[in-house]
Amino acid sequence: MTNNSINLTVLNELKEIMGDDFSELVNVFIADGKNQLDILNTAIALSNAQDIRRIAHTIKGSSANLGINKLSQMCKELEVNAADNNLSRANELFNAISNEYNEVKVLLEELL
(Lines give C-alpha, C1' and ligand atoms only; values in the text may rest on other atoms or scores of the structure.)
Protein backbone atom coordinates (compact mmCIF):
# COMPACT_ATOMS: atom_id res chain seq x y z
CA MET A 1 0.00 0.00 0.00
CA THR A 2 1.26 3.48 -0.78
CA ASN A 3 0.06 7.02 -0.45
CA ASN A 4 1.50 10.20 -1.84
CA SER A 5 3.87 10.72 1.10
CA ILE A 6 4.85 7.30 2.42
CA ASN A 7 5.31 3.90 0.82
CA LEU A 8 3.65 1.85 3.54
CA THR A 9 4.95 -1.39 2.04
CA VAL A 10 8.53 -0.29 2.67
CA LEU A 11 7.65 0.96 6.14
CA ASN A 12 5.83 -2.25 7.07
CA GLU A 13 8.75 -4.36 5.82
CA LEU A 14 11.10 -2.34 8.01
CA LYS A 15 8.74 -2.76 10.95
CA GLU A 16 8.71 -6.53 10.43
CA ILE A 17 12.49 -6.77 10.08
CA MET A 18 13.34 -4.43 12.96
CA GLY A 19 10.71 -5.53 15.45
CA ASP A 20 10.92 -3.53 18.66
CA ASP A 21 13.71 -1.34 17.25
CA PHE A 22 11.34 0.09 14.63
CA SER A 23 9.85 2.61 17.08
CA GLU A 24 13.34 3.85 17.93
CA LEU A 25 14.17 4.24 14.23
CA VAL A 26 11.04 6.31 13.64
CA ASN A 27 11.64 8.44 16.75
CA VAL A 28 15.23 9.12 15.68
CA PHE A 29 14.03 10.07 12.18
CA ILE A 30 11.49 12.49 13.65
CA ALA A 31 13.93 14.10 16.10
CA ASP A 32 16.81 14.24 13.63
CA GLY A 33 14.53 15.56 10.90
CA LYS A 34 13.48 18.51 13.03
CA ASN A 35 17.12 19.25 13.85
CA GLN A 36 18.18 18.95 10.20
CA LEU A 37 15.37 21.28 9.11
CA ASP A 38 16.50 23.89 11.63
CA ILE A 39 20.06 23.68 10.31
CA LEU A 40 18.81 23.75 6.71
CA ASN A 41 16.77 26.87 7.41
CA THR A 42 19.88 28.59 8.77
CA ALA A 43 21.95 27.52 5.76
CA ILE A 44 19.30 28.95 3.44
CA ALA A 45 19.21 32.21 5.38
CA LEU A 46 23.00 32.40 4.94
CA SER A 47 22.80 31.35 1.25
CA ASN A 48 25.32 28.60 1.99
CA ALA A 49 24.86 26.34 -1.03
CA GLN A 50 27.36 23.74 0.18
CA ASP A 51 25.58 23.24 3.52
CA ILE A 52 22.17 23.30 1.84
CA ARG A 53 23.28 20.55 -0.56
CA ARG A 54 24.75 18.44 2.24
CA ILE A 55 21.74 18.72 4.55
CA ALA A 56 19.23 18.17 1.74
CA HIS A 57 21.22 15.06 0.78
CA THR A 58 21.07 13.77 4.36
CA ILE A 59 17.31 14.27 4.67
CA LYS A 60 16.80 12.79 1.19
CA GLY A 61 18.63 9.61 2.13
CA SER A 62 17.02 9.06 5.52
CA SER A 63 13.58 9.70 4.01
CA ALA A 64 14.18 7.29 1.14
CA ASN A 65 15.32 4.59 3.57
CA LEU A 66 11.93 4.76 5.27
CA GLY A 67 9.93 4.90 2.05
CA ILE A 68 9.09 8.57 2.54
CA ASN A 69 9.24 9.27 -1.15
CA LYS A 70 7.72 12.71 -1.60
CA LEU A 71 9.96 14.28 1.04
CA SER A 72 12.97 12.52 -0.47
CA GLN A 73 12.16 13.86 -3.95
CA MET A 74 11.73 17.41 -2.67
CA CYS A 75 15.09 17.21 -0.92
CA LYS A 76 16.67 15.84 -4.08
CA GLU A 77 15.46 18.88 -6.01
CA LEU A 78 16.91 21.23 -3.39
CA GLU A 79 20.15 19.24 -3.32
CA VAL A 80 20.57 19.40 -7.10
CA ASN A 81 19.77 23.12 -7.17
CA ALA A 82 22.26 23.84 -4.39
CA ALA A 83 24.93 21.76 -6.14
CA ASP A 84 24.41 24.02 -9.16
CA ASN A 85 24.59 27.04 -6.82
CA ASN A 86 21.01 27.87 -7.79
CA LEU A 87 19.29 29.09 -4.64
CA SER A 88 16.45 30.97 -6.34
CA ARG A 89 13.85 28.46 -5.12
CA ALA A 90 15.54 27.52 -1.85
CA ASN A 91 13.01 29.25 0.41
CA GLU A 92 10.06 27.90 -1.57
CA LEU A 93 11.47 24.37 -1.48
CA PHE A 94 12.30 24.66 2.21
CA ASN A 95 8.70 25.61 2.99
CA ALA A 96 7.42 22.65 0.96
CA ILE A 97 9.92 20.29 2.60
CA SER A 98 9.04 21.57 6.07
CA ASN A 99 5.29 21.16 5.43
CA GLU A 100 5.79 17.65 4.04
CA TYR A 101 7.98 16.70 7.01
CA ASN A 102 5.26 17.85 9.41
CA GLU A 103 2.62 15.80 7.56
CA VAL A 104 4.87 12.72 7.48
CA LYS A 105 5.68 13.15 11.17
CA VAL A 106 1.97 12.90 12.03
CA LEU A 107 1.56 9.80 9.85
CA LEU A 108 4.60 8.14 11.41
CA GLU A 109 3.47 8.90 14.94
CA GLU A 110 0.12 7.28 14.15
CA LEU A 111 1.95 4.10 13.13
CA LEU A 112 3.81 3.79 16.43
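The values are calculated or read from the model by the stated rules, or taken from the named source; none is laboratory data. Keep in mind that this is a model prediction, so the values were computed, not measured. FYI the Cβ positions are ideal-geometry reconstructions off the backbone, even for glycines, and counts take in every protein chain you see.
Some notes on this structure:
- Among the residues of the stretch 14-32, none qualifies, meaning not one is basic (Lys, Arg), under 17 Å from Ala96 (Cα atoms) and either surrounded by 13 or more Cβ atoms within 10 Å (Cβ to Cβ) or free of Cβ contacts under 8 Å to residues at least 40 places away in the same chain (or both).
- In summary, Asn102 fulfils each of the numbered conditions (1) of a type outside the set (A, V, I, L, M); (2) modelled with pLDDT of 95 or more; (3) loosely packed, with under 12 Cβ neighbours inside 10 Å; (4) part of a helix (DSSP H, G or I) with the single exception of condition (3).
- Entry remark, the stretch 67-78: residues being in contact (Cβ under 8 Å) with a residue 40 or more places away in the chain, surrounded by fewer than 22 Cβ atoms within 10 Å (Cβ to Cβ) and either among the charged types (D, E, K, R) or not in a helix (DSSP H, G or I) (or both) number 2 in total.
- Complete set of residues in the stretch 79-97 that are within 17 Å of Thr58 (Cα to Cα), surrounded by fewer than 18 Cβ atoms within 10 Å (Cβ to Cβ) and either touching a residue at least 24 places away in the same chain (Cβ under 8 Å) or in contact with a Ser or Thr (Cβ under 7 Å, 6 or more places away or on another chain) (or both): Ala83
- Of residues in the stretch 1-13 being of a type in the set (A, V, I, L, M) and buried (at least 16 other Cβ atoms within 10 Å of the Cβ), the one nearest to the chain's Cα centre (by Cα): Ile6
- First in the stretch 39-66 and farther than 15 Å from Tyr101 by Cβ, second anywhere and at pLDDT 95 or above and among the acidic types (Asp, Glu), Cβ under 6 Å, 6 or more apart: Ala43/Asp51; Arg53/Glu79; His57/Glu79
- Entirely in the stretch 1-65, the helices (runs of 4 or more DSSP H) that have 1 or more residues that are among the aliphatic types (A, V, I, L, M) and over 24 Å from Glu92 (Cβ atoms): 8-18, 21-45
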